[in-house]
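Reviewing the structure listed below.
The values are calculated or read from the model by the stated rules, or taken from the named source; none is laboratory data. Bear in mind that the values here come from a model prediction, so they are computed numbers and not experimental data. Because the Cβ atoms are built from the backbone with ideal geometry, glycine has one as well, and the counts that use them run over all protein chains shown.
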Amino acid sequence: MSKTLQGTVRLAGALLLTCGASMAGATMHLKDGREAALSVPMPPGIKLVSTELDGTVFADAEGHTLYTWRQRELRNGYAGDPKGSPSNCGDEPEKTNAGLMSPYPAGLTLPDLADRPACSKLWPPLLAAAGAKPVDKWSLIKRKDGGEQWAYDGQPVYTSALDHAPGDVFGGLSRPGAFDGPVTRHPVGPPPDVPPGFAVHTVNRGRMLTTTEGTWAVYYSEHDSPDHSNCDEQCLKTWKPMLAPATARAHGDWSVFQRAPGVFQWAFRKAPLYTYILEHRPRGQAGDDLPGWHNVYTQLAPPPPRGFTVQDSTAGEVLADAQGRTIYTFSCGDDATDQLSCDYPGLVQAYRLALCGGGDAVRCRENFPYVVAPKGAKGSSRSWNVVLIDPATGGFATKGTPDALRVWAYRNRPVYTYAGDAQPGDINADSHGEFRGERDGYKAFWLRDDFFGQDGD
């Protein structure tokens, strides 16, 4: 059944808006806020910046987000930076594919070589000043040119040329790569301020609170009162309280209360916390289907612009346009050694055009239409904005470009619908592309993915 954001009561606190109104009012005493992070030692010139999608991250002196590129095994080898080793992000543009992800042989010429940047141009290394000294988890790694680059926990650290202002996280994705997808760069920051036994994972709705053992989703109940559990004997058959040791102490958003003599339970922003005994997969949201129960988010993702809706599909809930058509994003990493992004309008478009239209930009727009922004519409957050696209190339349009389109973008990348979706909730183009869309392809904008696992997990 189709639902507007205004009517989606059980999404309370999870995301969204209609007519400028947030759903957070239905979350009882559990209110939105910025995720707190632990205080950690940092070298001079490195600071902390709060982001909309990834919590608190490390940044350079100008506030630009810092990223790491952790090595991972692919189909035919490894890509990324090995821990404690020099950077594999070179100063010369790659010219051929490496054969790391695909069944095709290595050595094939990459597209648009004239415009392909060197890895270090797209991912500038965070260079250390002369005389810099290691600090805690921050160390120095020699680059091949003899200079020194900062590393965090043994991983070389970079900024992204795609980020322009403090808090931007356009350079990479928070979710880990999967299957034969590229080894993506990830924002890096201090650990979130959560007690032992808890963890935080980024999903499209926000920063989801989980357990560390098995990463099971954590929930709260509207039936409870601040720092008091009303989960009785019958309730405890399906809900397991998150117990705290007797030595636990309240701090920040976290409190501890005594649910029975000598038995203590954690609460987050005054809401007692539980896991769902009948949960069928890690980081699940099955408990959210029960009246009054909700997943917990340490920080909510920004709501999409006015006019977007939520639709039920056969595999979960998806974000959709005003007509109920599923929203898709395109992700892409090329198969060169440095695995540069190919999903950004300012970079090569050959991969996307090949997938959506056999290289024909007109067919591509017919198959995967851009979500055009209404006249005068503006972005609702740093994460959702309006970009100007040249329909003939798929790249960013310059001033005066004929027939330029104003389209909605998420993480500064356009979003699309699919011509093959006939009804609201259709997801016929989800995972359309190479290796289920993990290498390059289209993904439905999942708000809740009950089949594959949210955000590729």
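Return the pairs, sorted by first residue and then second, in which the second residue is crowded, with 20+ Cβ neighbours inside 10 Å and modelled with pLDDT under 95, the first residue lies in the range 247-272 and is closer than 21 Å to residue 192 by Cβ, the beta carbons are less than 6 Å apart, and the residues are 6+ apart or on different chains.
269/30; 271/30
Please pick out the residue among 110, 140 that is more than 12 Å from residue 157 (Cα to Cα) and surrounded by 12 or more Cβ atoms within 10 Å (Cβ to Cβ).
110
Could you look through the range 78-105, keep only residues that are under 25 Å from the mean Cα position of the chain (by Cα) and either surrounded by fewer than 20 Cβ atoms within 10 Å (Cβ to Cβ) or aromatic (Phe, Trp, Tyr) (or both), and pick out the one that is farthest from residue 42 (Cα to Cα)?
102
Could you check, for the range 312-332, whether at least one of its residues is more than 16 Å from residue 408 (Cα to Cα), over 18 Å from the mean Cα position of the chain (by Cα) and free of Cβ contacts under 8 Å to residues at least 12 places away in the same chain?
no
Test residue 207 against the criterion of being closer than 30 Å to residue 417 by Cα, touching a Pro at 6+ places or on another chain (Cβ under 9 Å) and surrounded by 15 or more Cβ atoms within 10 Å (Cβ to Cβ), and give yes or no.
Yes: the conditions hold for residue 207.
For residues in the range 157-181 being in contact with a helix residue (DSSP H, G or I) (Cβ under 6 Å, 6 or more places away or on another chain) and closer than 24 Å to residue 205 by Cβ, which is modelled with the highest pLDDT?
That would be 178.
Report whether or not residue 184 is among the hydroxyl-bearing types (Ser, Thr, Tyr), at pLDDT below 95 and on the phi > 0 side of the Ramachandran plot.
no
Which of the residues spanning the range 93-113 are touching a residue at least 24 places away in the same chain (Cβ under 8 Å) and outside any loop (DSSP other than H, G, I, E, B)?
96
Looking at residue 159 and the list (1) without any contact (Cβ under 8 Å) to a residue 40 or more places away in the chain; (2) within 29 Å of residue 36 (Cβ to Cβ), which single condition is not satisfied?
The single condition residue 159 does not satisfy is (1).
Look through the range 311-340, keep the residues that are on the phi > 0 side of the Ramachandran plot and part of a loop (DSSP other than H, G, I, E, B), and return whichever of them is surrounded by the most Cβ atoms within 10 Å (Cβ to Cβ).
Looking at the filtered set, the residue picked out is 339.
For the range 191-204, which residues satisfy the criterion of being within 17 Å of the chain's Cα centre (by Cα) and part of a loop (DSSP other than H, G, I, E, B)?
Matches in the range 191-204: 191, 204.
Against the conditions (1) closer than 19 Å to residue 328 by Cβ; (2) out of contact with any Gly (no Cβ under 9 Å at 6 or more places or on another chain), where does residue 403 fall short? Just the number, please.
(1)
Limited to the range 217-243, what total is found for residues that are within 28 Å of residue 55 (Cα to Cα), crowded, with 20+ Cβ neighbours inside 10 Å and either of a type in the set (Ser, Thr, Tyr) or within 23 Å of the chain's Cα centre (by Cα) (or both)?
5
For the range 362-400, which positions are of a type in the set (Phe, Trp, Tyr) and either buried (at least 19 other Cβ atoms within 10 Å of the Cβ) or in contact with a Phe, Trp or Tyr (Cβ under 6 Å, 6 or more places away or on another chain) (or both)?
368, 370, 384
Please determine, by comparing only the residues of the range 53-77 that are in contact (Cβ under 8 Å) with a residue 40 or more places away in the chain and surrounded by fewer than 18 Cβ atoms within 10 Å (Cβ to Cβ), which one is nearest to residue 146 (Cα to Cα).
Filtering the range 53-77 for residues that are in contact (Cβ under 8 Å) with a residue 40 or more places away in the chain and surrounded by fewer than 18 Cβ atoms within 10 Å (Cβ to Cβ), the one nearest to residue 146 (Cα to Cα) comes out as 71.
I'm trying to understand the selection: among the residues of the range 205-224, which are part of a loop (DSSP other than H, G, I, E, B) and not polar (S, T, N, Q)?
Within the range 205-224, 205, 213, 214, 216, 218, 222, 223, 224 qualify.
If you scan the range 244-264, which residues turn out to be charged (D, E, K, R), outside any strand (DSSP E or B) and farther than 21 Å from residue 297 by Cβ?
Selection gives 249 alone.
For (1) buried (at least 23 other Cβ atoms within 10 Å of the Cβ); (2) assigned to a loop (DSSP other than H, G, I, E, B), each residue gets a yes or a no:
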| position | (1), (2) |
| --- | --- |
| 266 | yes, no |
| 275 | no, no |
| 284 | no, yes |
| 288 | no, no |
| 291 | no, yes |
| 303 | no, yes |
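Failed condition for residue 230, given (1) closer than 19 Å to residue 299 by Cβ; (2) part of a loop (DSSP other than H, G, I, E, B); (3) free of Cβ contacts under 8 Å to residues at least 60 places away in the same chain, with all others met?
Only one criterion is unmet by residue 230, namely (1).
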